[in-house]
Amino acid sequence: MSTPCVYCESTVERHDPVYAREEGSEERAFCNYACLAAYIDDEGLTTGTCCEWSPA
Ligand SMILES: [Zn+2]
């Protein structure tokens, strides 16, 4: 079984997967924090959401 990365559609298990869940939506899988960060950037999720995002 493989899970595609939400951002780049690679198989997340082949990387260092990161899982994120937004309220009211399904869990989303990403290869790593780079894909998660890129996805957030693309979707503009950092604006107007309740979550704090602090790059490590
Ligand atoms: Zn990815």
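Taking each residue of the range 32-45 that is over 13 Å from His15 (Cα atoms) and looking for partners that are near the ligand (Cβ under 10 Å from one of its atoms) and not in a helix (DSSP H, G or I) with beta-carbon atoms closer than 7 Å, six or more apart or interchain, yields Ala38/Tyr7; Tyr39/Val6; Tyr39/Tyr7; Tyr39/Phe30. Selection over the range 29-44 of residues that are aromatic (Phe, Trp, Tyr) and crowded, with 17+ Cβ neighbours inside 10 Å gives a count of 2. Residue count for the range 21-40 satisfying the condition of being away from the ligand (no atom under 12 Å from the Cβ) and touching an Asp or Glu at 6+ places or on another chain (Cβ under 9 Å): 1.
Laboratory data are not the source of any read-out in this text; all were calculated from the coordinates shown. Since we're looking at a predicted model, the values are computed, not measured. FYI the Cβ positions are ideal-geometry reconstructions off the backbone, even for glycines, and counts take in every protein chain you see.
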